[in-house]
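The values are calculated or read from the model by the stated rules, or taken from the named source; none is laboratory data. In this text, all values refer to a predicted model and were calculated from it rather than measured experimentally. Using ideal geometry, Cβ is built from the backbone for each residue, glycine included, and neighbour counts are taken over all protein chains shown.
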Amino acid sequence: MKLQFKEQDFQVQAVKAVVDCFLGQPLKTNSFTLERSQNIQRKAKLAAAGATEIDYALEEEIGYRNSPIQIPESVILNNIQQVQQRNDLHESLQIERPKGAKLGYNLTIEMETGTGKTYTYIRTMYELHKHYGWSKFIVIVPSIAIREGVYKSFQVTQDHFQEHYGHKINPFIYNSGRPQDIENFASDSRISVMIINTQAFNASGADARRIYQELDQFGTRKPIDIIAQTKPILIIDEPQSVDGDKTLKSMQDFHPLFTLRYSATHKVEYNKVYRLDALDAYHKHLVKKIQVKGINLKGSTGTTGYLYLEQISLSTTKPPYAIIEFEKRAGEGVKKIRQKLGEGANLYELSGQLPVYKNHTITEINGYLNKVVINGQDIFPGDIVNSHDEFAFRRVQIRETILSHFQKEKQLFDKGVKVLSLFFIDSVEKYRLYNESGEETLGEYASIFEEEYINVRNEFLELIRQLQNEEERHTNTGYVQYLQRDEVRKVHNGYFSIDKKGKSVEPSVKTDKQTKEEYSDDISAYDLIMKDKERLLSFGEPVRFIFSHSALKEGWDNPNVFQICALKNAESGSLTRRRQEVGRGMRLCVDKRGVRQDFEFIGEQVHELNKLTVIASESYEAFAKGLQMEIAATLKDRPQKAEVQYFIGRMVTNEKGEEHRLTEEDAKKLNKWLFKHDVIDENDKITITGRELIEQSTMPLPENLEPFRASIGQLLQSIYTGESFKPEDERQTIVLNPNANFRKKEFQELWEKINLKTIYEVQFDTEKLLSDSKDRINAQLHISNLVYELKTGELQDGTKEEMEAGNLVKESAREYLKINKDYFTNATYDIVGEIEAQTNLTRRTIVAILKSIKEEKFLLMRKNPEEFIARCSKLINEVKASLIINNIVYHKIEERHDAKTVFTNDKYALRNSELLKKHIYDYLTSDSTIEADFAKALENSVEVVVYAKLPKSFKITTPVADYSPDWAIVFDKNKVRHIYFVAETKGSDSDLELREIEKLKIHCAERHFETISGGVVKFSKVSSYDKLMAIVNG
């Protein structure tokens, strides 16, 4: 299989942030004379010996360098500030540079792990070359691990970028034994990329010194001098790991034009121009949701035996039971066994009367509180009581990983997604041993894995057979066959360092001086992991469980890792170990075609499908708290409150592109308004309900700020509340199956009315599209002049400490000046093609629209072509949407939604949520407070007979995107006018607060339900149960 790549807006914005910092730089390529002579050293030695006269004739070759930056630093500072304003970042007051760095500019780009950082900087290379002609790049990485990962990324994205830009980048990894690569780097007129790890130029070994030595291939010149002449652009991958004084000084030897710094965890930032942190990535559904399966060692006050509570299973028809592992007599010894036990089970009798289990009777199994009570002690799933045997603990971890794997695998098999699980171990011999003949044998963990895999697989297959009727068994036939296909020896493999004899060995482990984290630079292990990356994603490859050394954590990941288990002590490792562990599995998964299962592809189901389960070697509470602290540490620069000071001076923009800087009066009014409507609390912290309103863009705003809703929404989303990152407790989730309400006659009658599918047809007049687009562009297209801010300051008296902190220069004046020069005259754009891509209209139609608009509007393109493209596309799409609303027709087709697929596809809920009596599930499948309040009102309503929170897989097709309504409700026919109702819950009733795209989707849903039911099923958007009842009784 081959991974598929596509253009994603957040990556495009990260690229644009860098490119826009150099607006005004002309498009130009410089060349220089690259001198070389293969014989000069030999001739010099002969001349010195008197054997011949010295010949200074040189072979000459043209080399290519990046053209120097030709715009003044004041303009670059203004460009940076404009980008920072646009991306809601702290504005640099002056160009910020690392201490001791005199050459070039430094720009910081923050991108969360798993969001395509390497893809982004490769694309940035192409765009910098396209706009300014710069073609020489050096990627500096802190380790061989990351170096190999970066090189692999260049390889797998080559075809994607070839298709987009018309040419490929062929990078090379710096090798001191191949100086000819540097000569090719300098003499190639195309984009040239060298990947180098810091040890290659910053260590004390012979290899590192070669870059500074005069080599025969370059006459009397050094490789570093050849590189420096090209004025390369440095891209530092993970700069927090290379920012030592010595490394920074060595990097200056490259004479960089400027430096781009990419990481998720910067320690020091210089001129930050883009931020996609953990908060952004989670809210934008760009990474997996995290859930934790904790394991908690606990002792007891008395002499008690070993116990492990695996889970409590609930049923709508039977009492709950617990799966418990305990010890039992076996001959002259004891062995551990697992059994399903109900209330009243006597462990003393079941264990063969082992004394340690005296008085151990299960007196309570509480499914709601998720606990059992034995001998007066509360025991929760994941608790291990009285065990000091490490291998018993690891066995539990391995078994729990296999169980989670099978559950995820069953859910995703029909979606074509291969599920992988990853074990980190701290010693190779625990997985793989070699006998005297040199043959591989199983280590302790591998033996445990095979035993548990066979047992859990048999139990899982039996569970499928027990729970399903004939039809459902047929549905899972493919997965059952897949589960039975491969023998246990084939489903797991280890990725370790390889010695010269081909044997797995312990990697050479180093320790990071700053983080104290262990890592490995053994290329043999990474070679295996990288080469097998795509193969592991194929269903044809039997390996689904991967064992790797815990030191081999950075530089690689696999999008289909859904379970991660570290078989090592929780106390060991660095201060960021939890975040590093989950980082290997945060990417969104891909299916068997290589298509990423992201929000654009599967919509709101993205976090239902993409969940990473961490089988922790500590309790859920300890892991969750630790992970939150690690993530919070990276968000220290985020605003924490929606206070007045936060809003003052912020630039907001309306739909026409007009800008407004928030005044103190605006800020005070906005703050009071948000508090009045419970969006923030008395401490200016965003409330849970407020967060939902902000995400839906339905938060109440003062009337004068209503035109700036989108911009203010971005400001509010930037505020960190702290709650977003609490991982889910996997042991508190329960698989839901429809209950008796689903089979009620009333719900089945509603289902028969709403399960019909439709197709839509749009008919509108092309001439009207042309005319309305022309009028809207002429009326609403505004592109502001580029401006720069001129600040005047005075140096005040003060202490040395105040001087070093930069606090002695006090601002005395500030003014904004326009830049009237057209900076884009040398840049080439396919204006028509770009607008065509964003509107899905034909080139002919786009040309006709652009030819019809006023000349002065068309010439706005000179001010900023990219803004011209974006704004024209938006205005044309608005016209298109309004025409669709008035001209869309839905038609019924024979195809229907399948109830088994929609309602029984392994839905999950938190077991400690409210038990529901009228819903088709026992628990609500939503963590929204707005939806929880709505469900509570439905439960308490005497008018409601039965209802369902509709799964995201129930979709209506619209011209803009698939749409999933929220609720299907059946009312008592004797009490209301409209019996059958489908509802969409929003935090506001105002259509003005809905985005255009949402308005269109809701309009389409109205037309769809009207078509399939002849008006019998009513559909509407409501903000509360009271609003719903007003419509139902209307």
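Among the residues of segment 949-966, is there at least one that is more than 24 Å from Thr733 (Cα to Cα), modelled with pLDDT under 90 and part of a helix (DSSP H, G or I)?
No, there is no match, as no residue in segment 949-966 is more than 24 Å from Thr733 (Cα to Cα), modelled with pLDDT under 90 and part of a helix (DSSP H, G or I).
Any residue at all in segment 736-757 that's at pLDDT below 90, closer than 30 Å to Asn886 by Cβ and among the polar types (S, T, N, Q)?
Scanning segment 736-757, I find no residue that is at pLDDT below 90, closer than 30 Å to Asn886 by Cβ and among the polar types (S, T, N, Q), so the answer is no.
Of the residues Glu695, Glu728, only one is under 33 Å from the mean Cα position of the chain (by Cα) and either small (Gly, Ala, Ser) or closer than 30 Å to Asp383 by Cα (or both); which?
Glu728 is the lone residue from the list that is under 33 Å from the mean Cα position of the chain (by Cα) and either small (Gly, Ala, Ser) or closer than 30 Å to Asp383 by Cα (or both).
Which numbered condition in (1) outside any helix (DSSP H, G or I); (2) out of contact with any Leu (no Cβ under 8 Å at 6 or more places or on another chain); (3) buried (at least 19 other Cβ atoms within 10 Å of the Cβ) is the only one that Leu627 fails?
(1)
With respect to Leu433, is the statement that it is in a strand (DSSP E or B) and more than 26 Å from Asp557 (Cβ to Cβ) true?
Yes; evaluated as a whole, the condition is true for this residue.
From Tyr947, Tyr890, Tyr921, grab the single residue that is buried (at least 17 other Cβ atoms within 10 Å of the Cβ) and closer than 30 Å to Thr842 by Cβ.
Values: Tyr947 fails: closer than 30 Å to Thr842 by Cβ; Tyr921 fails: closer than 30 Å to Thr842 by Cβ.
On inspection, the qualifying residue turns out to be Tyr890.
Could you please let me know if Gly367 is outside the structural domain of Ser913 (by TED's automatic domain parsing) and either at positive phi or touching a helix residue (DSSP H, G or I) at 6+ places or on another chain (Cβ under 9 Å) (or both)?
Values: outside the structural domain of Ser913 (by TED's automatic domain parsing): yes; either at positive phi or touching a helix residue (DSSP H, G or I) at 6+ places or on another chain (Cβ under 9 Å) (or both): no.
Taking the combined requirement at face value, the residue does not satisfy it.
Could you tell me whether Tyr105 is over 21 Å from Lys533 (Cβ atoms) and surrounded by fewer than 22 Cβ atoms within 10 Å (Cβ to Cβ)?
no
Any residue in segment 456-470 that is surrounded by fewer than 17 Cβ atoms within 10 Å (Cβ to Cβ) and of a type in the set (Phe, Trp, Tyr)?
no
Within the bounds of segment 117-131, is there any residue that is assigned to a helix (DSSP H, G or I), buried (at least 17 other Cβ atoms within 10 Å of the Cβ), hydrophobic (A, V, I, L, M, F, W, C) and touching a residue at least 60 places away in the same chain (Cβ under 8 Å)?
Looking for residues that are assigned to a helix (DSSP H, G or I), buried (at least 17 other Cβ atoms within 10 Å of the Cβ), hydrophobic (A, V, I, L, M, F, W, C) and touching a residue at least 60 places away in the same chain (Cβ under 8 Å), one finds at least one in segment 117-131, hence yes.
May I ask you to verify whether Glu801 is assigned to a helix (DSSP H, G or I), modelled with pLDDT under 85 and out of contact with any Ser or Thr (no Cβ under 9 Å at 6 or more places or on another chain)?
Criteria met by Glu801.
Taking the condition of being under 19 Å from Thr958 (Cβ atoms), of a type in the set (A, V, I, L, M, F, W, C) and assigned to a helix (DSSP H, G or I), how many residues in segment 860-889 meet it?
Of the residues in that region, 6 qualify.
Looking at segment 347-354, can you tell me whether even one residue there is under 41 Å from the mean Cα position of the chain (by Cα) and crowded, with 20+ Cβ neighbours inside 10 Å?
Scanning segment 347-354 turns up no residue that is under 41 Å from the mean Cα position of the chain (by Cα) and crowded, with 20+ Cβ neighbours inside 10 Å.
If a residue must be modelled with pLDDT under 90 and in a helix (DSSP H, G or I), how many such residues does segment 837-858 contain?
Adding up the residues that qualify gives 3.
Residues of segment 649-679 being at pLDDT below 90 and part of a loop (DSSP other than H, G, I, E, B), which ones?
Gly649, Arg650, Asn654, Glu655, Lys656, Gly657, Glu658
Scan segment 295-337 residue by residue and report those that are within 23 Å of Val614 (Cβ to Cβ) and either part of a strand (DSSP E or B) or at pLDDT 90 or above (or both). Explain how you work it out, then say what you get.
Within segment 295-337, the first condition is being within 23 Å of Val614 (Cβ to Cβ), and the residues that meet it are 295-298, 308-313, 323, 325.
Listed by number, the residues that qualify are Asn296, Leu297, Lys298, Tyr308, Leu309, Glu310, Gln311, Ile312, Ser313, Ile323, Glu325.
When the residues of segment 758-782 are narrowed to those that are within 21 Å of Pro865 (Cβ to Cβ) and within 38 Å of the chain's Cα centre (by Cα), which ends up modelled with the lowest pLDDT?
Only one residue tops the list, namely His782.
If a residue has to be touching a strand residue (DSSP E or B) at 6+ places or on another chain (Cβ under 6 Å) and aromatic (Phe, Trp, Tyr) to count, how many in segment 831-890 make the cut?
The qualifying residues number 1.
I'd like the full set of residues that are aliphatic (A, V, I, L, M) and either without any contact (Cβ under 8 Å) to a residue 12 or more places away in the chain or more than 18 Å from Ile688 (Cβ to Cβ) (or both), limited to segment 702-741.
As a first pass, look at segment 702-741 and keep what is aliphatic (A, V, I, L, M): 705, 710, 712, 715-716, 719, 734-736, 740.
Listed by number, the residues that qualify are Leu705, Ala710, Ile712, Leu715, Ile734, Val735, Leu736, Ala740.
Does any residue of segment 972-995 turn out to be in a helix (DSSP H, G or I), surrounded by fewer than 19 Cβ atoms within 10 Å (Cβ to Cβ), modelled with pLDDT under 90 and of a type outside the set (Lys, Arg)?
Looking for residues that are in a helix (DSSP H, G or I), surrounded by fewer than 19 Cβ atoms within 10 Å (Cβ to Cβ), modelled with pLDDT under 90 and of a type outside the set (Lys, Arg), one finds at least one in segment 972-995, hence yes.
Table: residues versus (1) in contact with a strand residue (DSSP E or B) (Cβ under 9 Å, 6 or more places away or on another chain); (2) modelled with pLDDT of 65 or more; (3) under 30 Å from Met586 (Cα atoms).
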residue: Val18; (1), (2), (3): yes, yes, yes
residue: Ile40; (1), (2), (3): no, no, no
residue: Ile71; (1), (2), (3): no, yes, no
residue: Ala101; (1), (2), (3): yes, yes, no
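Assuming Lys288 fulfils every condition listed in (1) in contact (Cβ under 8 Å) with a residue 12 or more places away in the chain; (2) in the same structural domain as Leu354 (by TED's automatic domain parsing) apart from one, which condition is it?
Just one mismatch for Lys288, condition (2).
Given the conditions (1) at pLDDT below 90; (2) closer than 30 Å to Gln82 by Cα, which single one is not true for Ser882?
Here Ser882 clears every test but (2).
Restricting the search to segment 919-948, which residues are of a type outside the set (A, V, I, L, M) and in a loop (DSSP other than H, G, I, E, B)?
Listed by number, the residues that qualify are Tyr921, Asp922, Tyr923, Thr925, Ser926, Asp927, Ser928, Ser941, Glu943.
Thr634 - would you say it is without any contact (Cβ under 8 Å) to a residue 24 or more places away in the chain and either of a type in the set (Val, Ile, Thr) or in contact with a Pro (Cβ under 9 Å, 6 or more places away or on another chain) (or both)?
no
In segment 724-744, which residue that is farther than 20 Å from Leu627 by Cα and polar (S, T, N, Q) is surrounded by the most Cβ atoms within 10 Å (Cβ to Cβ)?
Here the residue is Asn741.
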